[in-house]
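Working notes for the structure below.
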Amino acid sequence: MSFNNELMKDKYTKIIQNIYKQNKIKLLYLEIFAIYKKYYPKLFAKPKGKRLTRWEESAGYTETSRVGAKCFQNQFGYFIEEVFDTSDKYNNLSVNGAKGGNDGESENCLFEVKSRFDTMKGSQAFDEIKKKLEYAIKVNKDFKLLVLVDKDNPRMMPLHKGQGLNKIKGIEGYDESKHLWISSDEIFKYLFKSNSDKVINYISDLLKHTNPN
């Protein structure tokens, strides 16, 4: 009798856990959709004024194709930062220069977010990240640079191995096990764990099925 009771208890525990997981991803979808709805007009905004030259027109470009992707790219980074904010492991910080000027934080970590790896250029990249990393070291927190689009496959690696950041390893207190470059899908795995693929696919489906292009 006791053995059967234990089996029934395990069965109901698994059912409850599955219901919790299903409800959690549904709530996550609703949060992401609300963010997407807010950014939709900005992501797909039409260009203001005529900027197309006769040479670009001869080459087959239109006003929309010329600037549309750039407009999307600029706004998509802001959209994704708000999506990150739906994770239990990331909280957006105000853009006011506090906390080293970092973009986000958790209890044990500070985060900087970049849209693309190629925005990280030479000494400029080092100077910017150095300031943010040094603040994290000062307050005894980990530091993670989240790069949405990387030049290679998704990576999670020591920060100094990232684009333009080799000199980071010379900073006092730098720890390559705590101070990381995380890119592309690895970001979602870190922030959303087992729901990472679901979140990625949901955002992709939103863009595919609602874009006006």
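Points to keep in mind about this one:
- Figure legend. Inter-residue proximity from the stretch 60-76: first residues over 23 Å from residue 113 (Cβ atoms), second residues modelled with pLDDT of 75 or more, beta-carbon distance below 9 Å, spacing 6+ or different chains. Indicated pairs: 63/46; 64/46.
- Within the stretch 149-183, the residues that satisfy the criterion of being buried (at least 18 other Cβ atoms within 10 Å of the Cβ), under 19 Å from residue 101 (Cα atoms) and in contact (Cβ under 8 Å) with a residue 40 or more places away in the chain are 165, 168, 174, 179.
- Unmet requirement for residue 99, which otherwise passes all of (1) without any contact (Cβ under 8 Å) to a residue 12 or more places away in the chain; (2) on the phi > 0 side of the Ramachandran plot: (1)
- Matching option when the condition is touching an Asp or Glu at 6+ places or on another chain (Cβ under 6 Å) and surrounded by fewer than 15 Cβ atoms within 10 Å (Cβ to Cβ), among 91, 96: 91
Residue-wise test of (1) closer than 17 Å to residue 93 by Cβ; (2) part of a loop (DSSP other than H, G, I, E, B); (3) over 19 Å from the mean Cα position of the chain (by Cα).
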| residue | (1), (2), (3) |
| --- | --- |
| 148 | no, no, no |
| 154 | no, yes, no |
| 157 | no, no, no |
| 160 | no, no, yes |
| 164 | no, yes, yes |
| 172 | no, yes, yes |
| 176 | no, yes, yes |
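- If the condition is being exposed (fewer than 13 other Cβ atoms within 10 Å of the Cβ) and either farther than 23 Å from residue 90 by Cα or of a type in the set (A, V, I, L, M) (or both), then the stretch 127-146 contributes 127, 139.
The values are calculated or read from the model by the stated rules, or taken from the named source; none is laboratory data. In this text the structure is predicted, and so the values were computed from the model without any measurement. Using ideal geometry, Cβ is built from the backbone for each residue, glycine included, and neighbour counts are taken over all protein chains shown.
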